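The values are calculated or read from the model by the stated rules, or taken from the named source; none is laboratory data. This is a predicted model, so every value here is computed, not measured. Here Cβ is always computed from backbone atoms with ideal geometry, including for glycine, and neighbour counts include all displayed protein chains.
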Amino acid sequence: MSASSHSPYSLYIPELHIRCSNDKKLFALSHIAQDIMAQTRPTSILSGVHVIMEDGWWMVRADDHDPALIVRAQASSEAGLAHLKRTLANHLDRVCLDFPLSHLD
């Protein structure tokens, strides 16, 4: 999909909601943040985990009203978006959230 004309990234995945319990979403955010900070990637953890990578950015945050995580990503190329999707799916898998890459298409 295309991003708005004022964004430096032309491709994105739409906002996705991953259903999980409130306890699970806090566990997932905590562990993803720890993993990312251990890799010394530019990260903001102010409202979730927002990671800036060479080919774009991705974020995971807790839904304020529902038992779910919200996922987004934007990239400047198809290859970059594919890389972000794989990275994001890997982090979600590591916190035991079943979220195959097909959900990110």
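Can you tell me which residue in region 16-36 is nearest to TRP58 (Cα to Cα), limited to those that are charged (D, E, K, R) and surrounded by 12 or more Cβ atoms within 10 Å (Cβ to Cβ)?
First, the residues of region 16-36 that are charged (D, E, K, R): 19, 23-25, 35.
Restricting the remaining residues to those that are surrounded by 12 or more Cβ atoms within 10 Å (Cβ to Cβ) gives 19, 24-25, 35.
On the way: ARG19: 18, LYS24: 20, LYS25: 17, ASP35: 14 Å.
The residue in question is ASP35.
If a residue has to be surrounded by fewer than 18 Cβ atoms within 10 Å (Cβ to Cβ), outside any strand (DSSP E or B) and not aliphatic (A, V, I, L, M) to count, how many in region 44-54 make the cut?
2
Kindly establish whether ALA82 is of a type in the set (Gly, Ala, Ser), at pLDDT 90 or above, surrounded by 13 or more Cβ atoms within 10 Å (Cβ to Cβ) and more than 12 Å from the chain's Cα centre (by Cα). Give the steps one after another, and end with the answer.
Details: of a type in the set (Gly, Ala, Ser): yes; at pLDDT 90 or above: yes; surrounded by 13 or more Cβ atoms within 10 Å (Cβ to Cβ): yes; more than 12 Å from the chain's Cα centre (by Cα): yes.
Yes.
Taking region 10-32 as the region of interest, how many residues are over 9 Å from LEU69 (Cβ atoms) and assigned to a helix (DSSP H, G or I)? Before the answer, list the steps.
Going through region 10-32, the residues over 9 Å from LEU69 (Cβ atoms) turn out to be 10-15, 21-23, 26-27, 30-32.
Then keep just the ones that are assigned to a helix (DSSP H, G or I); that gives 22-23, 26-27, 30-32.
Residues in region 10-32 being over 9 Å from LEU69 (Cβ atoms) and assigned to a helix (DSSP H, G or I): 7 in total.
Which number in (1) crowded, with 19+ Cβ neighbours inside 10 Å; (2) touching a Gly at 6+ places or on another chain (Cβ under 7 Å); (3) under 13 Å from TYR9 (Cβ atoms) marks the one condition that TRP58 misses?
Among (1) crowded, with 19+ Cβ neighbours inside 10 Å; (2) touching a Gly at 6+ places or on another chain (Cβ under 7 Å); (3) under 13 Å from TYR9 (Cβ atoms), TRP58 violates only (2).
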